[in-house]
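> Can you keep this structure in mind? I'll have questions shortly.
Laboratory data are not the source of any read-out in this text; all were calculated from the coordinates shown. Remember, predicted model here, so these are calculated numbers, not experimental data. Using ideal geometry, Cβ is built from the backbone for each residue, glycine included, and neighbour counts are taken over all protein chains shown.
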Amino acid sequence: MAEKESSERILNTYRDEIRTKSRKSYSIWQKNRTVMPAGVGSLFRLADPFPMVIKRAKGARVWDADDNEYLDCMLGFSTMILGNAPDEVEAAIREALPRGTHYGQCHEHEYAFAKLFCDMVPGVDKVTFCNSGTEATMYALRLARATTGRPLIAKFEGGYHGTHDLLAVSFGRPRPGPDLSGPVEDPATVPESPGLAEGAWKDTIVLPFNHPASFDKIQRHADRLAGVIIEPVQGAAGTIPASKEFLSELRRITHEIGALLIFDEVITGFRMAPGGAQEFFGVIPDVSTYGKVAGGGLPFGAIGGTSEAMHLMEYDVDLEHSILMAGTFNGNPLTVAAGTAVLHRLSNDQQLHTQMDAMGERFRNEINLFAREENFPAIATGVGSMFSVHAVHGPVNSVRDLRAGNRVVSTGLGLLYRKNGLHITPSHGFMSAAHTDEDITRLIEIYKNAMEELRAQGMW
Ligand SMILES: Cc1ncc(COP(=O)(O)O)c(C=O)c1O
């Protein structure tokens with residue numbers, strides 16, 4: 001008890017230091033609270049001790065409203081792969097702006113954007129645009145159900161695919177109240193919010209990530225299963241890659257039972273490789289969903305797939321069986337301009353991925369070596385430019401492996417990162433083309449110092 005109180009006292013000193021250095025940010029958030037619920041536009045902006053309030057962002061840096069500078073490894077939840085406000089994206093938006101910000105109609109610039117998807121991604125013959133990753137995964141499921149005429153969708157425990165009622169289940173986070181998550185081999189479908197339509201999520205079954213019991217469960221539901229959706233690297237769950245073998249078997253079995261395999265590449269798309277996770281792993285899904293990186297920093301989502309899988313969006317061919325897919329802002333000209341600029345750069349500059357991946361590799365190696373040598377129960381996970389550090393011994397193959405994590409330590413680490421000038425989410429971090437080797441040296445130092453500080457305080 002005394003130990004808990006003393007840890008809480010130390011955490012509170014970190015919180016006080018953050019409040020002291022960010023007084024203006026705090027007051028802006030307080031003001032926002034008077035007119036916005038919780039003062040935030042998204043639940044995931046809530047942070048300890050209060051949300052970051054950003055004033056500007058450039059390259060690998062962001063500045064808060066108090067002009068404190070942070071090394072940015074959040075990058076708009078992974079979006080800003082070229083760094084913040086890249087010159088070529090700004091130029092593309094400026095060039096497009098005088099032609100109008102919105103038409104709600106086709107325009108000639110969609111071709112180059114869509115063609116980049118088709119040229120870069122092995123499993124995309126055709127692609128269509130929407131406005132968020134949430135929308136993209138919703139449409140992907142509709143496509144799977146309409147194509148197969150079957151009712152069920154399978155997702156993985158820990159997978160995050162947005163907020164709609166079909167998939168807002170079983171994120172795998174620790175939750176208040178009784179543990180409803182079920183056995184490891186057969187996770188339960190646990191709604192993540194009150195107010196979800198039961199009819200929507202009851203048809204979603206949940207599979208254990210990286211676990212062979214998934215394949216048994218798929219077989220048990222084979223004749224009712226429309227599709228399986230997976231993040232090839234789980235992001236919000238803590239940057240946990242699927243194994244290549246697991247994805248290959250998933251491909252084999254979904255093909256065998258006639259269900260669509262959907263890769264949610266909202267984070268991995270164009271980041272893991274120019275062709276995303278499917279290029280990286282050499283496993284080609286029927287349908288892929290996109291957002292983040294591909295929108296160049298403006299609101300965006302996309303659904304792509306093989307010509308066969310996308311057939312039910314060919315309205316001129318088969319209107320009777322086609323799915324409803326529509327949106328006022330789909331293909332917005334500014335988003336298309338920004339996204340095209342980013343994909344163009346990624347497709348032309350092979351060095352970018354090599355460079356970002358090497359930085360991620362270096363970070364993971366140095367942190368894991370340090371944790372081993374200094375006897376910290378900590379592990380850096382991830383692949384390529386995606387990383388996370390967890391307060392567990394590891395290995396980490398699924399979100400369940402994080403349950404043994406030391407909560408106080410995780411809270412302390414998060415506070416120390418922010419206090420010491422790192423902007424990052426609690427579950428995932430990212431490198432961008434704007435990060436330098438010096439930035440990674442600094443990043444590693446921030447992590448090591450935070451670990452040492454908690455130990456010096458007797459908390460770890
Ligand atoms: C893998 C994945 N899919 C879907 C989404 C939802 O995207 P959006 O927030 O644009 O709706 C996210 C968002 O973080 C994501 O990480």
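> How far apart, in nanometres, would the label points at residue 213 and residue 107 be if each is projected 7 angstrom from Cα along the Cα-to-Cβ direction?
5.1
> So in the chain, what percent of DSSP beta bridges are antiparallel if you round to the nearest 5?
That works out to approximately 65 percent antiparallel.
> For the stretch 392-408, take each phi angle, set θ = phi - 60°, evaluate the Karplus expression 6.51 cos²θ - 1.76 cosθ + 1.60, and give the result in whole Hz per residue in order, putting x for glycine and proline.
9, 5, x, x, 10, 10, 7, 5, 5, 5, 8, 5, 6, x, 7, 4, 5
> Can you tell me the orientation of helix 244-257 relative to the chain, as the angle in degrees between its alpha-carbon axis and the longest Cα principal axis, to the nearest 10?
30
> What length, rounded to one decimal in nm, is gained on full extension from residue 452 through to residue 3, with 0.36 nm per residue of separation minus their alpha-carbon distance?
159.8 nm
> Quick one: helix 87-96 against the long Cα principal axis of the chain, what's the angle to the nearest 10°, folded into 0 to 90?
40
> Another question, then. Calculated FRET efficiency, residue 372 and residue 445, Cβ-Cβ r, R0 22 Å, to nearest 0.05?
Efficiency, from the Cβ-Cβ distance: 0.80.
> Rounded to two decimals, what is Rg over Rh for the stretch 11-147 when you use alpha-carbon atoms and the Kirkwood radius?
Rounded to two decimals, Rg/Rh equals 1.06.
> Okay, next question. Under 15 Å from the 7 Å Cα→Cβ point of residue 180, by amide nitrogen: which residues of the stretch 396-410?
Taking a point 7 Å out along Cα→Cβ of residue 180, no residue of the stretch 396-410 has its backbone N under 15 Å.
> For a paramagnetic label modelled at 7 Å from the Cα of residue 436 toward its Cβ, which residues of the stretch 57-84 fall within the zone defined by backbone nitrogen distances under 16 Å?
58-62, 70-72, 83-84
> Along the Cα→Cβ direction, 7 angstrom out, place labels at residue 55 and residue 36. What is the inter-label distance in nm?
Using points 7 Å along Cα→Cβ, the separation is 1.8 nm.
> Continuing with this model, one more query. Would you please name the chymotrypsin sites (Phe, Trp or Tyr not before Pro) within the stretch 66-111 that are DSSP coil residues with at most 14 other C-beta atoms within 10 Å of their C-beta?
In loop regions of the stretch 66-111 (DSSP not H, G, I, E or B), the sparsely surrounded chymotrypsin sites (Phe, Trp or Tyr not before Pro) are 103.
> Relative contact order (percent) for the stretch 87-348, with alpha-carbon contacts under 8 angstrom and 6 or more residues of separation?
30
> State whether the stretch 119-248 is rounded, prolate or oblate according to the following rule on the C-alpha gyration tensor (a ≥ b ≥ c being the square roots of its eigenvalues): a/c under 1.5 gives rounded; otherwise a/b larger than b/c gives prolate, and the remaining case gives oblate.
Here the stretch 119-248 falls in the rounded category.
> Note the direction-averaged projected area, equal to a quarter of the hull surface, for the Cα convex hull of the chain, in nm².
The number I arrive at for the chain is 22.1 nm².
> Enumerate the calculated ³J(HN,Hα) couplings along the stretch 266-282 in order (Karplus 6.51 cos²θ - 1.76 cosθ + 1.60, θ = phi - 60°), each rounded to whole Hz, writing x wherever the residue is Gly or Pro.
3J(HN,Hα) across the stretch 266-282, in whole Hz: 4, 9, 6, x, 6, 9, 5, 6, x, x, x, 5, 5, 5, 4, 8, x.
> Shifting gears a bit: For the stretch 87-348, give the magnitude of the charge dipole about the Cα centre (Cβ charges: +1 Lys/Arg, -1 Asp/Glu; no others), in debye to the nearest 20.
The calculated dipole for the stretch 87-348 is roughly 320 debye.
> Kindly identify the stretch 381-454 as rounded, prolate or oblate by the Cα gyration tensor criterion: order the square roots of the eigenvalues as a ≥ b ≥ c, call it rounded if a/c is under 1.5, otherwise compare a/b with b/c, prolate if a/b is larger, else oblate.
Since a/c reaches 1.5 but b/c is at least a/b, the shape of the stretch 381-454 is classed as oblate.
> What's the angle, to the nearest 10 degrees (0 to 90), between helix 437-456's Cα axis and the longest principal axis of the chain?
Helix 437-456 and the main axis of the chain meet at about 50 degrees.
> Okay, next question. Points 7 angstrom from Cα along the Cβ direction at residue 12 and residue 193: gap in nanometres?
Label-label distance for residue 12 and residue 193, simple model: 3.4 nm.
> Only helical DSSP H runs with n ≥ 4 go in: add -39500 (n - 2.57) per run for the chain, normalise by residue count and round the 222 nm mean residue ellipticity to 500 deg cm²/dmol.
Calculated at 222 nm, the ellipticity per residue is -12000 deg cm²/dmol.
> Size of the dipole of the chain about the Cα centre, Lys and Arg at +1 and Asp and Glu at -1 on the beta carbon, nothing else charged, in debye to 20?
1280
> Just list whichever of 24/292; 126/217; 155/244; 21/448 have alpha carbons separated by over 20 Å in the model shown.
Over 20 Å Cα-Cα: 24/292; 126/217; 21/448.
> From the square roots a ≥ b ≥ c of the eigenvalues of the alpha-carbon gyration tensor of the stretch 230-292, which class results: rounded (a/c under 1.5), prolate (a/b over b/c), or oblate?
Prolate.
> Please give the charge dipole size of the stretch 1-130, origin at the Cα centre, charges +1 on K and R Cβ atoms and -1 on D and E Cβ atoms. Round to the nearest 20 debye.
Around 540 debye, computed over the stretch 1-130.
> Among 76, 397, 14, whose Cα sits farthest toward the positive end of the charge dipole of the chain (+1 at Cβ of Lys/Arg, -1 at Cβ of Asp/Glu, about the Cα centre)?
After comparing all options, I get 14.
> Something else now. From the phi of every residue in the stretch 291-296, what ³J(HN,Hα) in whole Hz does the Karplus formula 6.51 cos²θ - 1.76 cosθ + 1.60 yield, where θ is phi - 60° and glycine or proline is x?
x, 5, 2, 5, x, x
> If amide hydrogens are placed 1.01 Å from N in the peptide plane, which non-local residues have theirs closer than 5 Å to the one on residue 233?
242
> Another one. Have a look at the DSSP beta bridges in the stretch 87-348 and tell me what percent are antiparallel, nearest 5.
If we restrict to bridges inside the stretch 87-348, about 45 percent are antiparallel.
> Given N residues in the stretch 87-348, what is Rg(Cα) / (2.2 N^0.38 Å)?
Dividing the Cα radius of gyration by 2.2 N^0.38 Å gives 0.99.
> Moving on to the next point. What residue among 444, 159, 219 has its Cα farthest toward the positive end of the dipole of the chain, where the charges are +1 on Lys, Arg and -1 on Asp, Glu, each on the Cβ?
Farthest towards the positive pole: 444.
> Sticking with this one: May I ask which residue of 62, 428, 146 lies farthest towards the positive end of the charge dipole of the chain, with charges of +1 (Lys, Arg) and -1 (Asp, Glu) on Cβ and the Cα centre as origin?
62
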